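Worksheet: the structure to be examined is printed underneath.
The values are calculated or read from the model by the stated rules, or taken from the named source; none is laboratory data. A quick note: this is a predicted structure, and the numbers were derived from the prediction, not measured. In this analysis, Cβ positions are derived from the backbone assuming ideal geometry, glycine residues included, and neighbour counts consider all displayed protein chains.
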Amino acid sequence: MTYGNGYDVPVYGLDNGGFHLLHILAICFIFLSFISAVTVVIFSFKQNGVKSFFTWTKSERLVVYLALCDGCFNISHSLDHFNILLTKDHVRPLALCQFYSFVNLEFIFAQTLMVNVIAINAFLMIYFGKNLDFGRKDWRLLVWGFITPLIVAIVCVATGQFGPTGAYCFFDAVNAKISNMFLTTIAMSLILVANAVLYGLIFCRIQSEAKRLQHSLGASSSASRASHRAARNMILFLLAFFVQWWAATAFGIWLLFQEPPMFLSQMVTTFSNIGGVLNGVTYAIIRRRQIAVKPEDKGTSHQARSTA
């Protein structure tokens, strides 16, 4: 059968009984993720009181940025799933589906680019003692993280790449196979592999220096411990990103060769929609580590602390 666009593709799950399970699970996980993202933002500002946002540590600011990405993605994606669940049909009209796709791409890619910057920053800190400059009020990070995917999304809208996938709105299941392959499957695979390699290198270096630092004394040792704490915090973002997007990446790779099985579709529904929860766990661990900082390390320079 020849399809003209994504609207000609059958709605996923209606023919095999997996329709309700797919969308209800997605909505439940999205709800939990959204609540967690909102909670993280509220507690972050509450914990830091009247301090200016851009005087917070990098890890604290990154938690908020990623929570905002998760929250906005959750709102758009929940409406997407609700629409399909209630109508048992693709999202109509096309303009609405394109809008959901636009928002989804913007915040998925924003999160992806930011996490990759986090990985690079942690690597540079541990191996070269350098800390990436995000610019005044993080403008470099924000332009890279939000403006870049915005440009990509605008190009995708202008060239008709967005539409129904069969299960939600993103890249048109018929007309945007090439775009989907390059912008999601291949790009996400490369980023996951790059992050995994950087994580492995960082972990090995931290482990190799752990004993040496335990016996070191003086300010240099405190500064080193501060950098290692910062790297460990940033590793949490990499792990959360991997947990959230491994299934979607595996799904995309499988799709290059044949139709993925139902269980993998359910894995995508589960993991890709729990970003807010994972971000909440990351926030909790970072806060616990900050509270547990040794008294002698609390006097470390502001520059060292700003990386943590």
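Scanning the stretch 16-74 for residues that are assigned to a loop (DSSP other than H, G, I, E, B) and under 30 Å from HIS90 (Cβ atoms) yields a count of 3.
Taking the criterion of being closer than 30 Å to LEU94 by Cβ, in a helix (DSSP H, G or I) and of a type in the set (Val, Ile, Thr), would at least one residue in the stretch 168-175 satisfy it?
no
Do you know which residues across the stretch 42-71 are among the hydrophobic types (A, V, I, L, M, F, W, C) and buried (at least 18 other Cβ atoms within 10 Å of the Cβ)? Result: TRP56, LEU62, VAL63, VAL64, LEU66, ALA67, LEU68, CYS69. The set of residues in the stretch 226-246 that are modelled with pLDDT under 70 and either farther than 30 Å from ALA110 by Cα or of a type in the set (S, T, N, Q) (or both) contains only SER227.
The C-beta contact set for the stretch 25-52 (first residue closer than 17 Å to TYR65 by Cβ, second residue not in a helix (DSSP H, G or I), distance under 7 angstrom, 6+ apart or interchain) comprises SER33/ASN273; SER33/ILE274; ASN48/TRP56. Residue pairs whose Cβ atoms lie under 6 Å apart, separated by 6 or more positions or on different chains, with the first residue in the stretch 169-195 and among the acidic types (Asp, Glu) and the second buried (at least 19 other Cβ atoms within 10 Å of the Cβ), are ASP172/GLY6; ASP172/GLY163. The conditions of being in contact (Cβ under 8 Å) with a residue 24 or more places away in the chain and either in a loop (DSSP other than H, G, I, E, B) or in contact with a Pro (Cβ under 7 Å, 6 or more places away or on another chain) (or both) are met by GLY13. Residues in the stretch 187-202 include none that are in contact with a His (Cβ under 7 Å, 6 or more places away or on another chain) and either more than 30 Å from PHE257 (Cα to Cα) or at pLDDT below 85 (or both).
Listed by first and then second residue, the pairs with beta-carbon distance under 9 Å, at least 6 apart or on different chains, first residue in the stretch 143-157 and closer than 17 Å to ASN180 by Cα and in contact (Cβ under 8 Å) with a residue 40 or more places away in the chain, second outside any helix (DSSP H, G or I) and among the aromatic types (Phe, Trp, Tyr), are ALA153/PHE162; CYS156/PHE162; CYS156/PHE171. Checking each residue in the stretch 1-17 for being of a type in the set (Gly, Ala, Ser), out of contact with any Asp or Glu (no Cβ under 6 Å at 6 or more places or on another chain) and either surrounded by 18 or more Cβ atoms within 10 Å (Cβ to Cβ) or at pLDDT 90 or above (or both) picks out only GLY13. With respect to the conditions (1) of a type in the set (Val, Ile, Thr); (2) touching a strand residue (DSSP E or B) at 6+ places or on another chain (Cβ under 8 Å); (3) in a helix (DSSP H, G or I), VAL91 lacks only one, and its number is (3).
From the list ASN121, ASN180, ASN104, which one is over 27 Å from GLY13 (Cβ atoms) and not in a loop (DSSP other than H, G, I, E, B)? Matching residue, one of ASN121, ASN180, ASN104: ASN121.
Among the residues in the stretch 273-285, are any surrounded by 19 or more Cβ atoms within 10 Å (Cβ to Cβ), free of Cβ contacts under 8 Å to residues at least 40 places away in the same chain and either under 16 Å from ASN195 (Cβ atoms) or over 17 Å from the mean Cα position of the chain (by Cα) (or both)? Yes; the residues of the stretch 273-285 include at least one that is surrounded by 19 or more Cβ atoms within 10 Å (Cβ to Cβ), free of Cβ contacts under 8 Å to residues at least 40 places away in the same chain and either under 16 Å from ASN195 (Cβ atoms) or over 17 Å from the mean Cα position of the chain (by Cα) (or both). Do the conditions hold for CYS97, that is, is it out of contact with any strand residue (DSSP E or B) (no Cβ under 8 Å at 6 or more places or on another chain) and either part of a helix (DSSP H, G or I) or under 30 Å from HIS20 (Cβ atoms) (or both)? Against the criterion (out of contact with any strand residue (DSSP E or B) (no Cβ under 8 Å at 6 or more places or on another chain) and either part of a helix (DSSP H, G or I) or under 30 Å from HIS20 (Cβ atoms) (or both)), CYS97 does not qualify. When the residues of the stretch 252-270 are filtered to those that are surrounded by 19 or more Cβ atoms within 10 Å (Cβ to Cβ) and not hydroxyl-bearing (Ser, Thr, Tyr), the one that is nearest to the chain's Cα centre (by Cα) is VAL268.
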